[in-house]
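The values are calculated or read from the model by the stated rules, or taken from the named source; none is laboratory data. None of the values given here were measured: they were computed from a predicted structure. Don't worry about glycine lacking a Cβ; one is built from the backbone with ideal geometry, like all the others, and counts go over all protein chains shown.
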Amino acid sequence: MREYVAKRGWTIVAQIKEVGSGASQRELREALLAVARRREVDVVLVWRLDRWGRSVADLVSTLQELQHLGVGFISLTEALDLTTPAGRAMAGLLAVFAEFERDILRERVRAGLAHPRQQGKQLGRPPSVVHNAAEVRKLCRQGISKSEIARRLEIGRTSVRRLLAQKKS
């Protein structure tokens, strides 16, 4: 990469080596983006695209941001140079694939949710325990233990204790 920079006659402003694959928080990349936002760099040079973005959507969004900032982007291994018309066309194709990836994921999620619904399963959060408050208090007045109330109503013992504590306060 240093050889490439030297051939182009550029000056290295910042060099970032981020280790730790799959990290969701990438502080060094964010620091580099902050430098780009301050317009302190003209080009971001990476060894491979997968070193820059962890998903197509992430890659496309950061490339679009860099383009909006007027900062070039070059990936040496893939010979992707977004400072050229051909490179910008490739970025457009990446955007199309990112949208396709999001659409496919959305369809899979919908299909995954539809199947249990067809089987009559309730999805989402369980009904609030507050709906059982009157029944919990009634059973408690009858002298039934908190553990037994929880078993009968199929709710947690902590929820029973919390409901009864609310009554006192």
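Which residue out of 123, 94, 105, 113 is outside the structural domain of residue 62 (by TED's automatic domain parsing) and not hydroxyl-bearing (Ser, Thr, Tyr)?
Sole residue among the options that is outside the structural domain of residue 62 (by TED's automatic domain parsing) and not hydroxyl-bearing (Ser, Thr, Tyr): 123.
If you check residue 133 against the conditions, is it out of contact with any Cys (no Cβ under 9 Å at 6 or more places or on another chain), more than 30 Å from residue 160 (Cβ to Cβ), of a type outside the set (Phe, Trp, Tyr) and surrounded by 10 or more Cβ atoms within 10 Å (Cβ to Cβ)?
Considered against the rule, which asks whether it is out of contact with any Cys (no Cβ under 9 Å at 6 or more places or on another chain), more than 30 Å from residue 160 (Cβ to Cβ), of a type outside the set (Phe, Trp, Tyr) and surrounded by 10 or more Cβ atoms within 10 Å (Cβ to Cβ), residue 133 comes out as no.
Of everything in region 75-112, what is loosely packed, with under 11 Cβ neighbours inside 10 Å and not in a helix (DSSP H, G or I)? Give them in sequence order.
Hit for region 75-112 is 79, nothing else.
Tell me yes or no: at least one residue of region 60-74 is free of Cβ contacts under 8 Å to residues at least 60 places away in the same chain, assigned to a helix (DSSP H, G or I) and either hydroxyl-bearing (Ser, Thr, Tyr) or outside the structural domain of residue 26 (by TED's automatic domain parsing) (or both).
Taking every residue of region 60-74 in turn, at least one turns out to be free of Cβ contacts under 8 Å to residues at least 60 places away in the same chain, assigned to a helix (DSSP H, G or I) and either hydroxyl-bearing (Ser, Thr, Tyr) or outside the structural domain of residue 26 (by TED's automatic domain parsing) (or both).
Restricting to region 113-146, give me the number of residues that are within 40 Å of the chain's Cα centre (by Cα), assigned to a helix (DSSP H, G or I) and among the small types (Gly, Ala, Ser).
Residues meeting the conditions: 2.
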